[in-house]
1. Just the residues that are free of Cβ contacts under 8 Å to residues at least 60 places away in the same chain and buried (at least 23 other Cβ atoms within 10 Å of the Cβ), please, taken from the range 344-364.
2. Condition first: surrounded by 22 or more Cβ atoms within 10 Å (Cβ to Cβ) and assigned to a strand (DSSP E or B). Now tell me which residues in the range 468-507 satisfy that.
3. If you check residue 41 against the conditions, is it surrounded by 24 or more Cβ atoms within 10 Å (Cβ to Cβ), in contact with a strand residue (DSSP E or B) (Cβ under 7 Å, 6 or more places away or on another chain) and part of a helix (DSSP H, G or I)?
4. Go through the residues of the range 543-552 one by one and say whether even a single one is assigned to a loop (DSSP other than H, G, I, E, B), buried (at least 16 other Cβ atoms within 10 Å of the Cβ) and not assigned by TED's automatic domain parsing to the domain that holds residue 431.
5. Consider residue 382 carefully, then state whether it is under 16 Å from the mean Cα position of the chain (by Cα) and crowded, with 24+ Cβ neighbours inside 10 Å.
6. With respect to the numbered conditions (1) in a loop (DSSP other than H, G, I, E, B); (2) in the same structural domain as residue 15 (by TED's automatic domain parsing); (3) farther than 15 Å from residue 38 by Cα, which one is the sole condition not fulfilled by residue 272?
7. Answer yes if at least one residue in the range 449-463 is surrounded by 22 or more Cβ atoms within 10 Å (Cβ to Cβ), in contact with a helix residue (DSSP H, G or I) (Cβ under 6 Å, 6 or more places away or on another chain) and in a loop (DSSP other than H, G, I, E, B), and no otherwise.
8. Test each condition in (1) closer than 17 Å to residue 35 by Cβ; (2) in a loop (DSSP other than H, G, I, E, B); (3) more than 21 Å from the chain's Cα centre (by Cα) for residue 62 and report the one that comes out false.
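The values are calculated or read from the model by the stated rules, or taken from the named source; none is laboratory data. In this text the structure is predicted, and so the values were computed from the model without any measurement. We place every Cβ from the backbone using ideal geometry, glycine too, and count neighbours over all the protein chains shown.
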């Protein structure tokens, strides 16, 4: 590399360090030292290798840059200033109320794909974006800046294995190995060979460099671009706080503004006004999309018994035929979730993620970055493993569709380790989420189609066993709705149920009616948002609501109902799973949990 170019890159990197120090100083907090260690790496990437049109963030040919070490946000914002898309005034609004430049990056900035900051997430999401590039047959590259501390996260190695196995050559991880974590040295310190052996074992091309040598960085980035059939990891040995004696390679400086930022800026050579011209991508072909057609959902005969998980598989297949943007992911349980039905019909749009639920959700987030409509399925219980990824998807305002099968005690003999009993609470608590729980096959099919255009994180809960079909084919079930299944002017209470307990509630209502106690029944298939109007009417007319759910009492259907009617003052009794189940038949499980028809009848009689 010519001396003139080396001089320019050194000046650009120095400016990035200066601006990182200044931004953190203006905020009084932040992570300037973590930004300073990676400044050379990002200076060379922006100046020489990144292809991005900042005037058109939606350009399908743009590269994607993900800061997995999201706490290095001062560096990212300083890069934006150098590229001329953020001015100095906005840079110094870092971390202030109302600023787009938040403590960790979010898509409030149009050049940021996903929110990062919860470590170990950027690389798995990058895998998903790289998968999308292969689907779209586009030449863009995915660059992920990682920290060495986050390489202790298991999700990193889920990503490493999947990317290596798939040969995602359009993915490059750049690891800033600065040796120091938050409270002290990292596990492997500067032993970049230890990291190289791990990535190499997963089939990655590994490059070990001095992360402060622009020539070595440039060579490594070029090598990554020229590598075929496997992803690349660049392991860069760096010094945290590089360039300032007070903090360089010193413990105790993580996550703090520098004590004397003026002196640090002077030591770094003072403020500069270096500009970087990031090259726009060459015109790329139109992203590949698959054919779309008419939606013809499966139709089930009233009275037949069909598992809602089976209806999910058939409905997803129908949706895939109607919409070429629908893709499906599964965690090696596709024969149980019935995602295999879609996979057999559309193998190119089906992704087997194996038993790696964090990577599965992350891949869904990455795919939706490029406009795909991902449906990701596993047992409801196993989404707990990926909850932080789901939480961060909500922070990213990502639109993903999750489907949890084998929910509740109704799964039967498999026992508590397989029972999703906390999933409704987990998903309800997320920002902007939608939670749906159908009770029959036709309702399931309608909701699968409805989810395709739902924004944010949406969740569909399905049942293992077969349940009676009670709705006619073709009926609509809008998000936020409900169905009143039993109602009379003489109702003395209203039972509110969803999913498997709808059938128990109907049986209980019929038994009560036969004994002269009329009660209403509401199928609250939309657990979030709830049909507040229908619940308010039931609360004011009968004065007594009984919720019944195959879920823990905390945070599920009962709490959703309570939240909707608490100001109206009705009596609300919640029936749910309180004990620790064992192995038993589905019918015995519902009985033992006190959520079957007999328990509902007893609860109504006790109240009245």
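1. Passing the criteria: 357, 360, 361.
2. Selection gives 494, 495, 496, 497.
3. yes
4. For the range 543-552, residues assigned to a loop (DSSP other than H, G, I, E, B), buried (at least 16 other Cβ atoms within 10 Å of the Cβ) and not assigned by TED's automatic domain parsing to the domain that holds residue 431: absent.
5. It is false that residue 382 is under 16 Å from the mean Cα position of the chain (by Cα) and crowded, with 24+ Cβ neighbours inside 10 Å.
6. (2)
7. yes
8. Every condition holds for residue 62 apart from (1).
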